Every structure is written in structure tokens, then in C-alpha cells.
Amino acid sequence: MNFELFIALRYIFALRKQSFIAIISLFAVCGVALGVAALIVVIGVMNGFTKDLRDKILGVNAHVLVSAFSGGIRDHQALAELCRQVPGVTGVTPFVYSEVMLSASGGVKGVVLRGIEPSTADQVLSLTRDMVAGNVKDLEERDDLPGVIIGAEMARRLGLGVGATVNLLSPTGTQSAVGFTPKVRVFRVAGIFRTGMFEYDATLGYVTVDAARNLLGFKGDIVSGLEVRLADVYAAGTVSEQIRAKLHDHPVYVRNWQEMNANLFAALELEKTAMFIILAMIVLVGSFSIVTMLVMLVMQKTKDIAVLMAMGADEASIRRIFMCQGSFIGAVGTALGYGIGIPVALLLKKYQFIKLPSDVYPVDYLPVRLEFLDMTLIGVAALLLCYLSTIYPARRAAALKPSDALRYE
């Protein structure tokens with residue numbers, strides 16, 4: 001151990017004899033610890049919220065969407081085979097999309113209707129894993145009634161269960177002598193799903209592609225588009241470019257989930273950065289306490305500093321003594337912050353004892369995700385702030401003249 005660190009530690013452990021400076025040091029440690037703990041918990045929540053929201057969105061929606069510029073896609077099977085040839089693609093399924101009205105004994109509700117192929121939908125969507133009643137395979141027509149799968153919130157509002165019958169009203173009706181007549185067809189509730197996102201659970205409905213075509217009046221083997229799932233969700237930009245190149249001869253356009261949800265995730269990233277800056281102010285308050293403590297210690301140890309300089313210690317050594325003191329206090333506060341913040345975040349993640357109203361927030365609990373990079377950045381930022389707070393007191397201590405300090409001793 002070099003003598004600068006030795007003297008710095010002696011000064012720190014001797015602070016219990018100077019109660020006032022010891023209290024300031026305790027406040028500095030607590031300020032840094034609380035700031036680091038708050039940063040760990042809040043950044044963990046922001047990460048968890050972003051990941052949970054992304055997973056829910058990507059469970060209901062595809063990673064890449066292939067749609068026609070107008071009308072629909074007729075040769076969708078050939079296009080699906082071309083998409084499967086692109087590296088990184090793990091599943092492709094056709095879909096039909098429209099907005100309809102659903103009427104039942106419990107009332108009327110607007111529904112975002114999606115026609116899917118039960119045999120290939122599981123390769124792309126998380127519908128099978130989200131089912132709470134019924135089965136995706138039950139969508140096939142039975143007893144002359146096609147099936148429909150609805151969200152749990154919609155089922156609760158309309159008082160529907162598996163086996164109930166509902167009417168779906170298509171906006172594409174027929175013109176008759178008495179005016180416009182909407183097309184109505186009776187469906188059987190084949191299942192109920194729950195994604196955990198209120199908007200999806202209250203508005204989405206799934207039927208087979210054939211049933212959707214029949215209801216909407218589509219002619220022939222036509223679909224609204226293709227949904228593509230990827231092995232790596234973060235490679236969506238690269239893979240979607242490859243799909244565009246593969247389908248350049250067809251009148252279709254390709255979008256990925258990052259493009260379709262860019263504003264949402266940019267806002268979440270901005271909130272995370274803003275929360276980091278705001279909560280870092282708590283650490284900054286603790287670092288100001290370190291400045292106060294070191295300034296008072298320099299004033300108290302003026303004679304000791306003069307004796308050390310008279311014995312041969314140079315200005316750099318004096319600076320290092322007080323920098324080591326401040327850095328040590330910052331390191332203790334940071335370690336204590338980790339010791340508080342990580343257990344709190346893990347308990348919050350395991351027991352989920354903070355619930356959120358599902359009709360207000362897209363998730364019904366407070367998710368937590370701790371990432372190594374964020375944990376490292378928090379520690380580095382706290383230690384850096386504490387280190388910077390030592391510079392001024394250390395320079396003032398090094399600027400003392402031994403003759404002036406010892407003149408009246």
C-alpha cells in the first residue's frame with residue numbers, strides 16, 4: 001500500500017473522532033447509495049417495461065409485414081415461398097385484415113378482425129401461447145358455423161364464453177332496392193386469448209382466412225398481406241431489405257416492426273435517458289457532500305499537510321491523498337447502492353407486488369429487467385461524479401505552503 005492511500009484511509013477511519021465531519025461523510029455515503037439504488041431500480045423498470053411491451057407487440061404482430069400497394073395479394077403462396085428463402089426468416093403466414101362490428105346479447109363492439117391460417121399462424125404469432133380458453137384449431141367451421149377467437153376483455157364486456165354465438169357485420173355489404181344492406185354472418189366463439197395489453201384484448205378478433213374472405217366479400221384466393229417472423233428481432237432492418245430485394249418484381253411494400261413502432265420505442269428510450277439524468281442528480285447531491293467534507297478536512301488537517309510537505313511529500317501526493325478519500329467514500333456509497341438497489345429490483349421482479357390498472361397502462365404489473373451494460377454505466381457514472389468532486393478540495397490542499405501553515409504553530 002502506497003503512503004497516500006495509507007494516510008487517506010487513516011484519515012477516513014479517524015473521522016469518528018470528529019463527529020460533525022463524520023456526519024457529513026455519512027450523508028455523502030447515503031446520498032450516493034440512494035442515488036445508485038434509485039437508478040438501478042428505475043432503469044431496471046424502464047428496461048423491463050420496454051422489453052415487455054416489445055414482446056407483447058411482437059407476439060400479436062409480425063416482425064416484418066408484406067402488404068400490397070392496393071387491393072390484396074393474389075399469388076401469396078409464391079411470395080411466401082420467396083420470403084422463406086431469405087436467411088433469418090423462421091415463419092411466414094398470410095393474413096386478412098379489416099374492421100367489423102360484433103354484436104351479441106351483451107351489446108355491440110367494434111372489432112379489428114384478422115383472418116389467419118391456423119396451420120401456419122403459430123410460426124409467426126403468439127396466439128397459441130396466449131389462449132386462456134379454447135384452441136386455435138377450433139377456428140375451423142363446425143355445424144355450419146365458423147369460429148372466432150376474441151380477447152379476454154371483449155369477452156368480459158359482452159359476457160361471452162366458448163361456444164357462444166355472435167354476429168359479425170362487414171362494412172362491405174350489398175346494394176339492394178331498399179338501400180345498402182351490410183353483410184352479416186353468425187360465428188361461434190372458438191376461444192379466448194389474453195395478451196396482457198388492454199388494447200389488444202378489447203379489440204382483436206381472429207377467424208380463418210377463408211371465413212374472413214367470405215365475410216368481407218373477397219373474390220378468389222386473395223389476402224391482405226404476409227406476416228414474417230425472424231430469428232433475431234433486431235435484424236429486422238437488414239432482413240426486410242433482403243425481402244424487398246427478393247420481391248422487387250411484385251407490387252408489394254415491406255415494413256418491419258422497428259419502422260412501424262419507431263415513435264413508441266424512441267419515446268421510451270428518451271424517457272429512460274431523462275430518468276437517468278434526473279436520478280443522477282441524487283448522486284450529484286451526495287458528491288457535493290463529499291466536497292463539503294473534504295474542504296472541512298483540509299481546513300482541519302492544515303498542520304498535517306504542512307508536516308507531510310516539509311518531510312518531502314510533493315503537491316501530487318497531497319492531491320492523491322484527498323482524492324483517495326473522496327473516491328473511497330464514493331466507492332462505499334456506490335457499493336451500498338448496489339447492495340440496496342439490486343435486491344429491491346429482484347424482489348420487484350419476482351413477486352410483482354406493484355400492480356398497474358390494465359385499462360390505463362399496456363401492462364398490468366411493473367416489469368423489471370436488469371442489464372449488465374446499464375448496471376456498469378450506473379456504477380461508472382457514480383464513481384466519476386464522486387471523483388470529480390474531489391478535485392477542488394485536493395487542489396486547495398496541495399496549494400498550501402508549509403511555511404504559512406506552520407508559522408503560528
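The values are calculated or read from the model by the stated rules, or taken from the named source; none is laboratory data. Just so we're clear, the structure is a prediction, and the values are computed from it rather than from any experiment. Here Cβ is always computed from backbone atoms with ideal geometry, including for glycine, and neighbour counts include all displayed protein chains. Side chains included, ligands, DNA and RNA excluded: accessible areas come from the protein's heavy atoms. Shrake-Rupley method; radii C 1.70, N 1.55, O 1.52, S 1.80 Å.
What to note about this one:
- Dipole of the chain, positive direction: furthest Cα of Phe6, Val239, Gly31, with charges on the beta-carbon: Phe6
- For the stretch 1-78, the alpha carbon positions stretch 85, 28, 18 Å along the principal axes, listed from largest to smallest.
- Expressed per residue, the C-alpha convex hull volume of the stretch 237-391 stands at 182 Å³.
- Over the C-alpha atoms of the stretch 238-286, the Rg to Rh ratio, Rh being the Kirkwood estimate, stands at 1.39.
- Separation between Cα centres of the stretch 110-128 and the stretch 258-317, rounded to whole Å: 53 Å
- Normalised by residue count, the stretch 281-344 yields a Cα convex hull volume of 84 Å³ per residue.
- Accessible area per residue in Å² at 1.4 Å probe, computed on the stretch 1-106: 45 Å²
- Applying Stokes-Einstein at 10 °C and 1.306 mPa s to the Kirkwood radius of the chain, computed over alpha-carbon pairs, gives a translational diffusion coefficient of 61 µm² s⁻¹.
- Kirkwood radius, the stretch 66-161, all distinct C-alpha pairs, inverse of mean reciprocal distance: 15.6 Å.
- The stretch 358-399 - convex hull of alpha carbons, volume per residue in Å³: 88 Å³
- Only Cα pairs under 8 Å and 6+ residues apart enter the sum, and on that basis the relative contact order of the chain stands at 29 percent.
- Extension gain, Asp221-Phe288: 0.36 nm per intervening residue step, less the Cα-Cα distance, totals 17.0 nm.
- Placing R0 at 25 angstrom, the Cβ-Cβ distance between Ala22 and Val380 gives a FRET efficiency of 0.35 after rounding to 0.05.
- Share of Cα-Cα pairs in the stretch 1-142 lying beyond 24 Å, as whole percent: 62 percent
- Atom-type composition of the exposed protein surface of the chain places 60 percent of the accessible area on carbon and sulfur (1.4 angstrom probe).
- A crude spin-label estimate for the pair Lys51 and His250, with each label 7 Å from Cα along the Cβ direction, gives 3.5 nm.
- The stretch 155-281: equivalent-ellipsoid semi-axes (sqrt of 5 x gyration tensor eigenvalues, Cα, Å): 37, 25, 15
- Per-residue ³J(HN,Hα) for the stretch 283-292, Karplus 6.51 cos²θ - 1.76 cosθ + 1.60, θ = phi - 60°, Hz, x for Gly and Pro: 5, 5, 4, x, 5, 5, 5, 5, 4, 4
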